[in-house]
C-alpha cells in the first residue's frame, strides 16, 4: 500500500511538473495572438566603460549614449528603426548612423539613409541574412514577450527552455526557472512570474558559473495585456568587469488591428548603394523602383532590374503588355477566321 502511494505521488508530481512546464509556452503562444499587430517607441540609454569597445582604436573614455528607437510588429512582419550610434573600430568614435530593418516574414532589407559612416551615400543590404538585427539585445524583452516562438525574430525561442526546480523571488514576484543549456560553459535561464500572465522577469547568462549577462524587465498593463514597460541590462566580461549597462524605457505603446503593408517596404532613393547577399551582386538605385547592376567598384554593367519592393505593375508590366498584345492578336485572328467562314457560307 505504501509503495502504491509512493508511485502515485511520483506520477502526480511528474504530471504537475509537465503541466507547469507547458504554461510558459502556452502563455507565449497566446501573447503572439494578442500582440499580433503592435508598435513600441522606446528610449535606450547605454553606458560603456573605458576600454570595453575596441578595434584599431579602443574606447578611450567612459561613454554614455541615448537614442530613441521604434519597433513595429504585424504577424511575421517587423520593422525596426534603430537610431543608436554605431561604434567605429577604425576611428574609435561613435557614428550617427541610423538604420531601418524590415522583414516581410520571408526576406529582409537593411537600409542606412546616411550611409554606414553617417555622412555618406545611402547604403542598403538585401537578401535575408540581415535579420539578425531583430535578435539584438536591445529588443530581447519585446521579441521574447511578443514573438517568443519565432526563431526569425526572438533571440531565444521559448520552447528551447526546460523547467527546473529552481526559483527566485524578484521583489513581490516569485519566479520559476526555465533553463536553456548553451555552448562553451554558458547556460541561459529565464525566471518566469507564474502569478502575472506567465511573463519573464529576468533573463540570466552564466559562463562557467559566473554571471556575464542579466536582463530585468518590468511590465505595465496595456490594452493587449501585460506589456514590457522598461528593462535594465548589465553585461560583464569573463573577469567580472562591467562591459555594458543599459536602461530602456517604453515611451509609447500602440495596439493596432492591422498595419499598412507599406511599413515593411523600403523604396531606396536614387544613389543608394545596394548589396544583395543572396546573389553577391552590387547595384545602384536609379530613382523610383529601379536599380542598375554594378561591379564592386561601382562600374555600371548595363543591367537594369527592379527594386525588391517594386510594385506589382513595375515587376510584371512587360509581361502584362505582351499578354494583352497576344490576346488582342488571338481575338483578331478568331474574328478574321469567322468572318472568312461566313463569307464562304454566303457564297
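Kindly give the semi-axes, whole Å and largest first, of the ellipsoid equivalent to the range 151-191, taking each as the square root of 5 times a Cα gyration tensor eigenvalue. Kindly include the intermediate steps, with their values, before the conclusion.
Details: eigenvalues 85, 35, 16 Å².
Values for the range 151-191, descending: 21, 13, 9 Å.
With a Förster radius of 51 Å, plug the Cβ-Cβ distance of residue 164 and residue 81 into 1/(1 + (r/R0)^6) and report the FRET value to the nearest 0.05.
So the FRET efficiency works out to roughly 0.85.
Can you pull the Rg over Rh of the range 2-262, Cα-only, Kirkwood?
Over the Cα atoms of the range 2-262, Rg/Rh equals 1.01.
Between residue 120 and residue 29, what length comes free when the chain is fully extended (0.36 nm per residue of separation minus the Cα-Cα distance, one decimal in nm)? Before the final figure, lay out each step's value.
On the way: separation 91, 0.36 × 91 = 32.76 nm, distance 4.29 nm.
Extra length from residue 120 to residue 29 when fully extended: 28.5 nm.
Each reported figure results from applying straightforward, stated rules to the coordinates on display, with no laboratory input. This one's a predicted model, so the numbers in the text were calculated from it and none came from an experiment. Positions of Cβ are backbone-derived with ideal geometry, glycine not excepted, and every protein chain shown enters the neighbour counts.
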